[in-house]
Amino acid sequence: MGQSASVAATPSRRESNHSHRYKSKSTAVISPMISDESDVQLLDGANDYISNLPDECLACIFQSLSTADRKKCSLVCRRWLRIEGQSRHRLSLNAQSDLLSLIPSIFSRFDVVTKLALKCDRRSVSIGDDALILISLRCRNLTRLKLRACRELTDAGMSAFAKNCKGLKKLSCGSCTFGAKGMNAVLDNCSNLEELSVKRLRGITDGATAEPIGPGQASSSLKTICLKELYNGQCFGPLIIGAKNLRTLKLFRCSGDWDKLLQLVTDRVTSLVEIHVERIQVTDVGLAAISNCSDLEILHLVKTPECTNLGLAALSERCRLLRKLHIDGWKANRIGDEGLISVAKCCPNLQELVLIGVNPTKLSLEVLVSNCQNLERLALCGSDTVGDVEISCIAAKCTALKKLCIKSCQVTDHGMEALASGCPNLIKVKVKKCRGVTTEGADWLRARRELVVVNLDSCEPEQQDPSDGGGLQDNGIEIPPQIAAPSIPSASTSRSTSFKARLGLLSGRNLVACTLRRWSGVNNSSRNI
């Protein structure tokens, strides 16, 4: 507790903000919950410096601790319990139905919470409107709310909550069942709302009967809108169009044709600097609409197979401030050298480029690294055309590069040799699933560039020498020297397949080992006989 031991053992009483009692003991003993504030037994003659700290200093200390450590500190004494509760601004609760009876006691202790997460297990019954309304009455200063799988909440509960917590700035809801009325109530009452994230909102009706959402009073304050996995996400169209100060728009796996809505959005919202589109129906028409955002700095174009070089070229010609570009071509071969060359010529401020399932060649990469002198982060994943020649080109001309990621490409140790003499500002290289890169090649690069972190993950089992039993076939079981990793765009599928392959390999080894032990046991028994 920060006390210093002393030889003298004289009891004393010190007057401060709170009364504390000291008793001479050979060891420090903490006895919480004895008096109204704190009652701590100290070492012999120890000076209790911590008790002299103001509440504000203790609160600052608690805020720098982890959740587990804060819980331990709250058990020290009543004063620490009170200060810890009054200084906790963030709280996460298991939002099952039985939480209702605990709400008064929880928020009596944590009475200054401004960031609240209510998460329920999918198999459990979540809190209902009564619990959410009671929370809103206890936490009127709430600025952030996260709702996960609260399926018992309705439009009425969200409406009452919005009226009580008008200072809300960030709302994130996923797998909930309230609908457009509840969402509109939030937008109408929370005029300071800045961030809105909606995922799998079940209460929104599909088809022509869907009630439009927005714009509401929050339209002038909204800066970020994120929509994920919505059947009828386009009902948020009025909100997006009406958000005049919108900076970030993220659309993930939402059904419907988004080209027309993007045209309406970009005609009226010119403040966008970051756009993410992933697995939505968007074509070059949508990219041309996005090009109206002349201040665009960050673009993620993920698994949109109808977008081609033409759309990317049109966008790059008008969005010349682009700093970060992520493209997942989904092996469609619709975006390649032509579109990337246009980006290289029009976007000299590019700092980060991620290409997944895209097949660039030396032709486009050479223009990119020559024109984009600020390129610091580059990732090339799942490309059939990236090999040692392309890596050598990058090493020779990309002088500002700091981080390089290569995954599932046709790169060998020769590419690692090129990196050893190029990219003077390089600090990290990550190589994964590149069969041509060996451990020796990675070690050689580490030896030549001691300040560069080299991570190699070939996802291949080490080949065993036949003398070690690696090629045993006497019992009808063969252990393959290596397992081919499938070239599948989905990272989760490839990880699962690789895991199953390794599991099968280990199972084979275990079976061989068991068989050998069994044979050895039989031989020993026969010798004993």
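The values are calculated or read from the model by the stated rules, or taken from the named source; none is laboratory data. Small disclaimer: the values here were computed from a predicted structure and weren't measured. To get the accessible areas, we keep the full protein, side chains included, count just its heavy atoms, and leave off ligands, DNA and RNA. Shrake-Rupley method; radii C 1.70, N 1.55, O 1.52, S 1.80 Å.
The table below lists the values:
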read-out	value
Residues with amide H under 5 Å from that of CYS254, placed H, sequence gap 5 or more	GLU229, LEU230
In order through the stretch 168-181: 3J(HN,Hα) via Karplus (6.51 cos²θ - 1.76 cosθ + 1.60), integer Hz, x for Gly, Pro	4, 10, 9, 10, 10, 10, x, 6, 9, 10, 6, x, 5, 5
Using θ = phi - 60° and Karplus 6.51 cos²θ - 1.76 cosθ + 1.60, couplings along the stretch 114-122 (whole Hz; Gly, Pro as x)	10, 10, 10, 10, 10, 10, 10, 5, 5
Partners for LYS119 among lysines (Cα-Cα distance below 26 Å; same-chain residues under 8 apart left out)	LYS71, LYS72, LYS146, LYS163, LYS166, LYS169, LYS170, LYS181, LYS199, LYS223, LYS228, LYS250
For HIS276, residues with placed amide H under 5 Å, excluding near neighbours	LEU249, LYS250, LEU251, HIS300
Potential lengthening between ASN245 and ASN371 on full extension [0.36 nm per residue; Cα-Cα distance subtracted]	42.1 nm
With every protein chain in place, the stretch 344-439: carbon and sulfur % of accessible area (1.4 Å)	51 percent
